[in-house]
Amino acid sequence: SMGLWLENPLNVWLAGMDPFYFHSVNVILHCLVTLILMYTCDKAVFKDCRLAFVTALFFAVHPIHTEAVTGIVGRADVLACLLFLLAFLCYNSVDQLYVGEHFPPTASPFFLLLSLFLGTCAMLVKETGITVFGVCLVYDFFLLSQNRLKLQSGGVQQKIARQSVTSSPACLQFPSSNKENGKHRLAHKGTWNSCHPASPEEQQSGSLSVSNKAVWYNVLFKSETTTVAFLLSLPKVVLVLYFRLWIMGGSMPLFSEQDNPASFSPYLLTRFLTYSYLLAFNAWLLLAPITLCYDWQVGSIPLVESIWDVRNLATVFLAVVMMLLGLHCMAAFKKREHKEVLVGLLFLVFPFIPASNLFFKVGFVVAERVLYMPSMGYCILFIHGLNKICTWLNKWGGSTLTLSALLLLLYSWKTVKQNEIWLSRESLFRSGVQTLPHNAKVHYNYANFLKDQGRNIEAVYHYKTALKLYPRHASALNNLGTLTKDLVEAKEYYRKALQLNPQHNRALFNLGNLLK
């Protein structure tokens, strides 16, 4: 990706080809993402800084991040997530309510343009970064609607009136910071021209009039800002997407059947059921990252070819959960409560859309690194649900802290184990064979490693196992031919490989070298 193209030369120039520094940069970026996520949760999600801290802590130690942080190629996902959060924060700065005497604008063109720039950079680093524009616009739409509900109910005016009644005399009133719901907000300026306190009646009537005009001005100006942001972002997104297509030769990447078998199925029902089940499977990886592997390609997840397949129950269960979360989000919106479920769903769903096969084919069945960004939404929803359950049971205290600590320990232990697996090629490839023995790709990769180490007998076994699981694996046939001492058998392997892939250069060379 473009992010790796820009960052790796800098990494090489600063530290050479030492892998330690490549991994160090990834870890530093992951720490930055964690800190900014905690700030985002405290600013735009929770009303309790403790919940924001625990959310960031869960995100920091989640085992699903091992591939993105440990693998150098995963830097694109981590960097795109960092830019994603920064773009969201810049756009969210437009949403700050300011009520003053002269009704100043609530939006900063600088932050709006900075948000567009950061979102574009996120898209250039990783295609999933484009989803930040959708997240910002949907979040903004709900926020505007919520402000209108507050205005219609009169809650904002009454609140400002109460603050004005209890305010100090204007000549003694300085801009101060008061804390409301765990957040610091600027107190609105008083009238600096007079040193005489106004009467309570004048204060109440004046504040109601000013607040009414200010809030309406804020809502209308914010609506115009949203429209302008959309009009600015849409052509820019189209232009950058066209630029990416131009770089790739004007066409989308081509994938083989072993990369994504469901995409090559001729049956619409099979594709629909399999894609739907993969959504549930990815959700399960976020919730319970027990079985993790560096490669989820051929044979890892069999196709769902019938509606009677028991795995469809997982799809139905996920649909029910998402529907309930949506209803809960709407109920919280109508009650004008805080936005944990809204932001959690936006962060969970939108970044995963490019990997869902809904709009175009992707080159994988499951890829753990693409869950790096959606895991932010999962952590927000998980902590919000845990807090709700404990509040309902009236057990916020030792039991909640104990449960949170236990889950953090389990996640941390699994993350440590996954990092041990990624220490070397042998441990990584061997773990793939042990975890997914029906995956032809992991057997092929492990056989390649064994071949490089001169362990030919073991390599032949894993090549043949890969061919049993996926008989159309041309590269496995070619490599098996290079290890076969029987020339007639080797010639047959090369010819089979060329029948499957006539453009296989190595098979052509090996067969020609054998026939000379």
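The simple Förster model, with R0 at 41 Å and r as the Cβ-Cβ distance, assigns Leu32 and Lys468 a FRET efficiency of 0.35. Between Asn456 and Lys388, the simple label model (points 7 Å from Cα in the Cβ direction) yields a spacing of 6.3 nm.
Label zone of Gln499 (point 7 Å out along Cα→Cβ, amide N under 20 Å): in segment 456-481 this covers 463-481. Here the extension length gained between Leu406 and Tyr21 equals 135.4 nm, from 0.36 nm per residue of separation less the Cα-Cα distance.
At R0 = 22 Å, how high is the FRET efficiency between Ser427 and Ser356 if r is their beta carbon distance? Nearest 0.05 is fine. About 0.10, to the nearest 0.05. In order along segment 75-86, the phi-based Karplus estimate (6.51 cos²θ - 1.76 cosθ + 1.60, θ = phi - 60°) of 3J(HN,Hα) comes to 4, 4, 5, 5, 5, 5, 5, 4, 5, 4, 5, 5 Hz; Gly and Pro are listed as x. log10 I(q)/I(0), Debye, Cα-only segment 259-306, no solvent, q = 0.28 Å⁻¹? Once normalised to I(0) and log-transformed, intensities are -1.11. Measuring against 19 Å, Cα to Cα, the residue pairs Lys339/Lys388; Lys485/Lys516; Lys468/Lys496; Lys464/Lys485; Lys417/Lys464; Lys47/Lys388 contain Lys417/Lys464 as the ones spanning a longer distance. Residue-wise HN-Hα couplings along segment 22-29, as the Karplus relation 6.51 cos²θ - 1.76 cosθ + 1.60 with θ = phi - 60° gives them from phi, are 5, 5, 5, 4, 4, 5, 4, 4 Hz; Gly and Pro carry x.
Here's how it looks for Leu292: its modeled amide H is under 5 Å from none belonging to a residue 5 or more places away or on a different chain. For the pair Leu269 and Ala288, label points projected 7 Å from Cα toward Cβ lie 2.9 nm apart. Taking amide H atoms as placed 1.01 Å from N in the peptide plane, the amide H of Val366 lies under 5 Å from those of Trp296, each 5 or more residues away in sequence or on another chain.
In whole angstrom, segment 355-492 maps to an equivalent ellipsoid with semi-axes of 45, 19, 10, each derived as √(5λ) from the alpha carbon gyration tensor and ordered largest first.
When the Cα convex hull of segment 435-481 is projected onto planes of every orientation, the mean area is 2.9 nm².
Sorted largest first, the spans of the alpha carbon positions of segment 419-516 along the three principal axes are 47, 24, 20 Å. Considering only Cα atoms, the convex hull volume of segment 407-449 works out to 59 Å³ per residue.
Values quoted throughout were computed directly from the atomic coordinates according to the rules given, and no laboratory measurement underlies them. Note that this is a predicted model, so its numbers are computed, not measured. Don't worry about glycine lacking a Cβ; one is built from the backbone with ideal geometry, like all the others, and counts go over all protein chains shown.
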